[in-house]
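Here is the structure we will look at, set down as structure tokens.
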Amino acid sequence: MITRRKFFSNAVVTAGAAALGATSVQGAEPARQPLENPEKIKGNAQSDQQDYPPGEPGKDYTPVITPNGSTLPYKVVGGIKVFHLIAEEVDHEFAPGLRAYCWGFNGQVHGPTIEAVEGDQVRIYVTNKLPENTSIHWHGLLVPSGMDGVGGLSQKTIEPGETYKYEFKLRQHGTYMYHSHSDEMTQIALGMMGMFIIHPRTPTGPKADRDFALMASEWRIDVGTRRPVPIEMTNFSIFTFNGRAFPGTAPLVAKYGDRVRIRFGNLSPMEHHPIHLHGFYWKITEMDGLPIPEAAQQPGNTVLVAVGQTRTVEFIADNPGDWAMHCHMTHHTMNQMGHNVPNLIGVRPGKLDKKVSKLLPGYMAMGESGMANMGEMGMPVPHNSIPMVGAPGKHDYIDMGGMFTIVKVRENLTSYDDPGWYENPPGTLASLASNDELQRDLGKIPGAKPMDNNMKMDRGNMDHMDMKHSG
């Protein structure tokens, strides 16, 4: 069984060599070939010129898993892998209760993952069913200039009803992306993006048992509406993995001892995302498709994925349980109902609810003691919108939303279907302390009424409120 200790042992062994001879430093991009002869620049391809048969899933690579998504099918014509992308409007569900008309590919947001093998010759047809011109850029791929997909610069844009053909040889391997490169502000904000995974022709290093692809993005969808706002720059209200916000995100399931690889891509309009995993340390093994030498791989539990970047991490699933994985920007783990809400923390509204409810049936002031109970209260929300946070969990309400999912690690799995909630072994679950335990260990029983009569008042939020209260 591979353990976490073994997983990191090589980093310790090679630390001295890295300090003496490695050219990469922490946080730096891997060193590339000198630029004195451009003809020698080959990306990270093991052989640029050799011809290979089309790589086959299950034989030449283990297929990537795209939670809440799919992989784009292909067929082989004359030794060439042929794919077909259809740019079109999609009625997309972000989470139960929230749908919006977006733009995507092949009926989904984000588009399906394109998966191939280094050395494959690929031919990708793109049909435009949108109301405006479009084009597709292969983000990070080394392709001929005329295949780069920048509308107006490297090609004519694809007009509505037209189908364009892109064809090139895959000269590299790694984690990449594709997205619209015409009217990018609108089309990317509406969802026109996807992952592009290229497997190495001759893999080196340990093989991943579970290989996941997650695309991060952000959206502004106003409460009660059904169309993302493409001109937004700061006030995003929905944050997603693969086009889904929690509680709509599928869990990532692994068996105890599995080597897990997670490929993150970020095509958010504006925001970077520090993705944090509970319960494990991983190593960053790839940056923007380029492998990181083992001696320079950074261990950690948080990886920053900036706009336009991909990052790949690997870890050993040696800690059973249900583990949170989320963006650590706290507003990115909340949903639309939490935006543009007045700050009422510390405010005693007194009879305000009763007075306002005569004018607005169902009204209730929210957040005077924090936001955690807003989803749990089960309050009605406007049509086609979702509560700010969460969903019921095994032990209590999970007061997180947005860019949040769960990594589920189990022993003795017979399939990778969702195994349900984790059953904590005896003695491994945090629980309410008894008075006997408190007296024994603390010598006293702490008071249990925080912020009662001594609650500090926020005078800035008291205007026009009846602040009288008993006690």
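The values are calculated or read from the model by the stated rules, or taken from the named source; none is laboratory data. None of the values given here were measured: they were computed from a predicted structure. Positions of Cβ are generated from backbone atoms using ideal geometry, with glycine treated the same way; all protein chains shown enter the neighbour counts. With ligands, DNA and RNA removed, areas are computed over all heavy atoms of the protein, side chains included. Shrake-Rupley method; radii C 1.70, N 1.55, O 1.52, S 1.80 Å.
Loop-located trypsin sites (Lys or Arg not before Pro) across segment 198-254 with a Cβ neighbour count of 11 or fewer within 10 Å are K207, with loop assigned by DSSP.
Available extension along the chain between E88 and Y101 is 3.6 nm, counting 0.36 nm per residue and deducting the alpha carbon span. On the basis of the beta-carbon distance and an R0 of 25 Å, R227 and H278 show a calculated FRET efficiency of 0.10. Once you order the gyration tensor axes a ≥ b ≥ c over the Cα atoms, which shape class does segment 194-279 get: rounded for a/c under 1.5, otherwise prolate or oblate by comparing a/b with b/c? Verdict is prolate for segment 194-279.
Pairs with C-alpha atoms separated by more than 20 Å, drawn from the list K129/K165; K129/K169; K75/K169; K75/K165; K59/K408, are K129/K169; K59/K408. Amide H contacts under 5 Å for F83: R123, I124, Y125, restricted to partners 5 or more places along the chain or on a different chain, H placed in the peptide plane at 1.01 Å from N. Karplus-derived 3J(HN,Hα) values for segment 410-421, using 6.51 cos²θ - 1.76 cosθ + 1.60 with θ = phi - 60°, are 9, 8, 6, 6, 9, 8, 9, 5, 4, x, x, 6 Hz; glycine and proline are entered as x.
For the peptides 287-295, 169-177, 230-238, 157-165, the ranking by mean Cβ contacts within 10 Å, running from highest to lowest, is 169-177, 287-295, 230-238, 157-165. When you filter the GluC sites (Glu not before Pro) in segment 390-449 for DSSP loop state and at most 14 other Cβ atoms inside 10 Å of their Cβ, you are left with E411, E423. Could you please state how large a percent of the accessible area of segment 178-228 is carbon and sulfur, counting protein chains only and using a 1.4 Å probe? With neighbouring chains kept in place, the figure for segment 178-228 is 53 percent.
The stretch between N435 and R123 holds 105.3 nm of extra length on full extension. This uses 0.36 nm per residue minus the Cα-Cα distance. Using a probe of 1.4 Å on the protein chains alone, the accessible area found for D396 is around 100 Å².
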